[in-house]
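Presented below is the structure to which this report refers.
The values are calculated or read from the model by the stated rules, or taken from the named source; none is laboratory data. Since the structure is predicted, the reported quantities are computational estimates derived from the model, not experimental observations. Neighbour counts run over all protein chains shown; Cβ positions are idealised from the backbone, glycine included.
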Amino acid sequence: MYEKFAELADSELDMALDKLPSDPLEKFALFAEVTRALDYSAVFQAALENSGQLSRPDFDLLLWGWNAAMSHLLTPIRSAGLPLYKSTKDTRQFAMNLLHKFGQSVLLRRASAMLRSGFLHAQNTTEGLTVRLADGAKDQFLDDLEFDSFAKIHNQLQKQNVRFYRGWQLFENDDYPSVQEVPGYFLGRTTQRPLEKYKSENIDELMLPLVHPWDSGRGMMMGYGALPEVDNHFLAEAAEIVAQARDEAGLHPDAKLGNITGADLSAIITFVTAVHMKHVRFALLAMNAFPEISIPQSLTIWGPLNELEDSIVDYSRIHRDRVRHALDAIVLRPEEAFQLRNVTFPFLPLLLSVGNGLILRPVSSLVRNPFIAARTLFEWRHPNSSHWISEPREEWLRSEVYALFQGTRYQRVNGNVKIRRDHKVLTDVDAAVYDRLTGQLALFQLKWQDYFTNDVRELRSKARNLATELDTWAEKVDAWIKLKGLPELTTALRLKLNKGERVTSVYLFGLSRSYARMHGFGFPVTSEKLAICNWPQFLRTRYEIGPRQRVFSSMFERLRNEIDAKVDSRPMPYTVQVGKVVIRFEDLWSAFGEDDV
């Protein structure tokens with residue numbers, strides 16, 4: 001059956017390619033319209049979904065089709081200017097259909113891979129083909145849902161009127177020195193938002209007088225002026241968003257990326273994100289104030305790259321070389337677009353070069369973490385350089401773990417500790433925390449894999465590696481402890497125990513930054529000596545366990561019980577037609593928790 005889906009995918013791709021012009025300038029003009037279609041769909045996706053014009057699966061297909069559109073249509077322009085034409089309802093519909101056709105090809109190719117790996121099952125029916133997720137496949141979403149679960153807790157704790165949570169007394173992180181040695185159970189938070197002073201409560205009132213119609217000669221578009229207060233507002237908003245995106249992508253500010261750092265990249269991504277956000281806000285205001293303006297045509301803008309560079313340098317006072325190198329790092333070049341033909345995850349760079357000094361600025365890039373595209377570009381250009389990004393991660397994650405076990409009750413082991421047998425390194429312990437009150441000791445294996453892909457083979461490979469590595473680690477550590485004993489473990493970890501203190505019990509934790517429960521991919525962690533979790537799950541468990549006498553054993557037991565948790569979801573059926581073949585995907589898309597179907 002997977003071969004049939006692969007054939008259908010090829011058929012859809014061929015049909016899409018047949019619709020493309022052969023002339024390079026016409027290709028680029030069509031690409032501009034495809035970009036406009038995606039930008040409009042991204043900005044108004046919620047409204048279009050509520051009105052029944054664009055379902056959630058439809059929008060996903062547009063995103064999946066975007067890669068193929070770029071790879072086949074983004075051609076370098078050697079002359080000055082851009083070959084654009086007026087956007088009409090017909091040209092936009094053609095662009096949408098093309099994106100959807102490309103996306104449908106990606107869907108079928110992914111379905112073929114999932115069928116081959118056993119994630120999906122398909123059967124013939126009188127109507128065509130029906131496809132369903134295999135038993136247990138929904139468990140792949142368990143770790144994703146933990147991010148939402150912890151976000152709800154985090155938002156609750158940030159409320160000024162909340163002073164206690166599950167036995168914790170909340171305090172501001174800036175006040176940590178004042179409570180570090182004080183008896184009690186404290187949980188830090190940051191309710192103060194230093195960037196708030198740069199935001200304007202009346203931002204729309206400031207912006208509306210600046211916007212005006214602009215006759216491009218190819219349709220009525222939008223123009224607007226500048227105001228420092230407006231720029232400050234969106235930079236403040238973007239800085240908060242980008243900081244979170246940077247952490248999710250695992251890019252440490254100190255990471256060395258050739259001739260720039262993670263901090264340089266974050267700063268420039270913040271400026272470009274702010275430009276995009278401001279442009280979208282102006283468009284929303286113009287839509288009501290100036291009905292003659294074509295919003296679908298106005299969302300995608302272009303301009304000289306050197307002007308964007310100048311504006312960032314003038315505003316930030318960052319050295320021009322750093323700005324230039326960081327901008328270059330996030331711009332997709334036309335000659336690189338061909339590499340997207342086999343990339344199925346949505347690739348949405350903040351800036352697109354057209355080869356003549358001009359760039360397109362697609363606002364649809366705001367729907368994805370901007371560091372994903374930046375990371376992908378960097379790895380294309382610098383093969384075998386992943387260690388540059390991963391090098392700071394272990395210490396970064398270790399420091400976050402240790403932040404949850406502060407105060408005089410706990411002793412934290414500095415750095416990574418090698419466990420040796422017969423003078424040979426057997427394995428290592430990435431983090432260790434000793435509870436002076438109970439004698440319980442927590443040992444951690446820390447993992448920070450990247451899962452910015454939906455390639456089935458790659459995901460299964462990552463899942464297999466993670467499960468194998470965690471099981472092997474737990475087996476080696478447990479065997480070493482049984483052989484050497486707890487006193488020898490105390491020495492190996494360089495624990496400094498007071499008189500009368502001793503390690504009474506050991507608990508092993510496998511902590512992955514993003515994904516930990518690999519049984520949904522067919523590779524469960526089998527060690528009963530190990531509690532596995534991802535980072536938001538660990539945070540949630542720590543917060544919910546609260547201040548109790550036996551912290552590590554309680555966390556271990558709860559995490560062990562959550563390994564086989566079930567996903568609460570509601571299927572969102574979706575039907576596609578390929579030629580005369582009707583395919584119904586029963587539950588490839590689902591709504592979770594409070595999401596609307």
* **Among the candidates ARG548, ARG558, residue that is under 30 Å from LEU157 (Cβ atoms), of a type outside the set (Phe, Trp, Tyr), touching a Ser or Thr at 6+ places or on another chain (Cβ under 9 Å) and modelled with pLDDT under 95** => ARG548
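Let's see how each residue does on (1) closer than 30 Å to HIS121 by Cβ; (2) in contact with an Asp or Glu (Cβ under 8 Å, 6 or more places away or on another chain); (3) surrounded by 15 or more Cβ atoms within 10 Å (Cβ to Cβ):
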position: PHE5; (1), (2), (3): yes, no, yes
position: LYS19; (1), (2), (3): no, no, no
position: ASP39; (1), (2), (3): no, no, yes
position: ALA69; (1), (2), (3): no, no, yes
position: HIS72; (1), (2), (3): no, no, yes
position: SER87; (1), (2), (3): no, yes, yes
position: PHE94; (1), (2), (3): no, yes, yes
position: SER105; (1), (2), (3): yes, yes, yes
position: ARG109; (1), (2), (3): yes, no, yes
* **Residues being outside any strand (DSSP E or B) and either of a type in the set (Phe, Trp, Tyr) or surrounded by fewer than 20 Cβ atoms within 10 Å (Cβ to Cβ) (or both) - total across segment 345-360** => 5
* Unique residue being farther than 30 Å from TYR451 by Cβ and either exposed (fewer than 15 other Cβ atoms within 10 Å of the Cβ) or not assigned by TED's automatic domain parsing to the domain that holds ASP310 (or both) when the list is ALA243, ALA226 -> ALA226
* **Within segment 45-59, tally of residues that are under 20 Å from ILE583 (Cα atoms), without any contact (Cβ under 8 Å) to a residue 24 or more places away in the chain and more than 20 Å from the chain's Cα centre (by Cα)** => 1
* Asked: Which of the following residues is within 21 Å of VAL275 (Cα to Cα), at pLDDT below 95 and either touching a Lys or Arg at 6+ places or on another chain (Cβ under 8 Å) or not aromatic (Phe, Trp, Tyr) (or both): LYS159, LYS152, LYS197?
  -> LYS197
* Structure fact -> Picking from ALA274, ALA267, ALA255, the residue that is small (Gly, Ala, Ser), buried (at least 19 other Cβ atoms within 10 Å of the Cβ) and modelled with pLDDT under 95 would be ALA255
* Among GLN93, GLN53, which is the only one that is assigned to a loop (DSSP other than H, G, I, E, B) and in the same structural domain as ARG110 (by TED's automatic domain parsing)? -> GLN53
* Asked: Does segment 296-308 hold any residues that are in a helix (DSSP H, G or I) and either surrounded by fewer than 21 Cβ atoms within 10 Å (Cβ to Cβ) or of a type in the set (Asp, Glu) (or both), and which are they?
  -> LEU305, ASN306, GLU307, LEU308
* Structure fact -> Considering segment 199-213, residues that are surrounded by fewer than 16 Cβ atoms within 10 Å (Cβ to Cβ) and not aliphatic (A, V, I, L, M), and then whichever is farthest from PRO291 (Cα to Cα), we arrive at GLU201
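One line per residue, one yes/no per condition, for (1) surrounded by 17 or more Cβ atoms within 10 Å (Cβ to Cβ); (2) of a type in the set (A, V, I, L, M); (3) assigned to a loop (DSSP other than H, G, I, E, B); (4) in contact with a Ser or Thr (Cβ under 6 Å, 6 or more places away or on another chain):
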| site | (1), (2), (3), (4) |
| --- | --- |
| THR376 | yes, no, no, no |
| ASN384 | no, no, yes, no |
| ALA432 | yes, yes, no, no |
| ALA442 | yes, yes, no, no |
| THR453 | no, no, yes, no |
| ALA467 | yes, yes, no, no |
* To do: Return a yes/no flag: does segment 202-217 have any residue that is touching a helix residue (DSSP H, G or I) at 6+ places or on another chain (Cβ under 7 Å), assigned by TED's automatic domain parsing to the domain that holds ALA289, touching a residue at least 12 places away in the same chain (Cβ under 8 Å) and more than 22 Å from SER298 (Cα to Cα).
  => no
* Structure fact -> Within segment 60-81, of all residues that are part of a loop (DSSP other than H, G, I, E, B) and under 18 Å from ALA337 (Cα atoms), the one farthest from the chain's Cα centre (by Cα) is ARG78
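Here is a yes/no grid of residues against (1) surrounded by 14 or more Cβ atoms within 10 Å (Cβ to Cβ); (2) in contact (Cβ under 8 Å) with a residue 12 or more places away in the chain; (3) part of a loop (DSSP other than H, G, I, E, B):
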| site | (1), (2), (3) |
| --- | --- |
| TYR543 | yes, yes, no |
| GLN549 | no, yes, yes |
| PHE556 | yes, yes, no |
| ARG560 | yes, yes, no |
| ILE563 | yes, yes, yes |
| ARG570 | no, yes, no |
| VAL576 | yes, yes, no |
| ILE583 | yes, yes, no |
| LEU588 | yes, yes, yes |
* If VAL425 satisfies every condition in (1) within 28 Å of the chain's Cα centre (by Cα); (2) at pLDDT below 95 but one, which is the exception? -> (1)
* Do you know which residues across segment 307-348 are aromatic (Phe, Trp, Tyr) and in contact with an Asp or Glu (Cβ under 8 Å, 6 or more places away or on another chain)? -> TYR315, PHE345
* Asked: Taking ARG333 and the conditions (1) in contact with a Gly (Cβ under 9 Å, 6 or more places away or on another chain); (2) within 30 Å of THR491 (Cβ to Cβ); (3) of a type in the set (Lys, Arg), which numbered condition does it fall short on, given that it satisfies the others?
  -> (2)
* Among helices (runs of 4 or more DSSP H) lying entirely in segment 183-290, which contain 2 or more residues that are acidic (Asp, Glu)? -> 203-207, 228-249
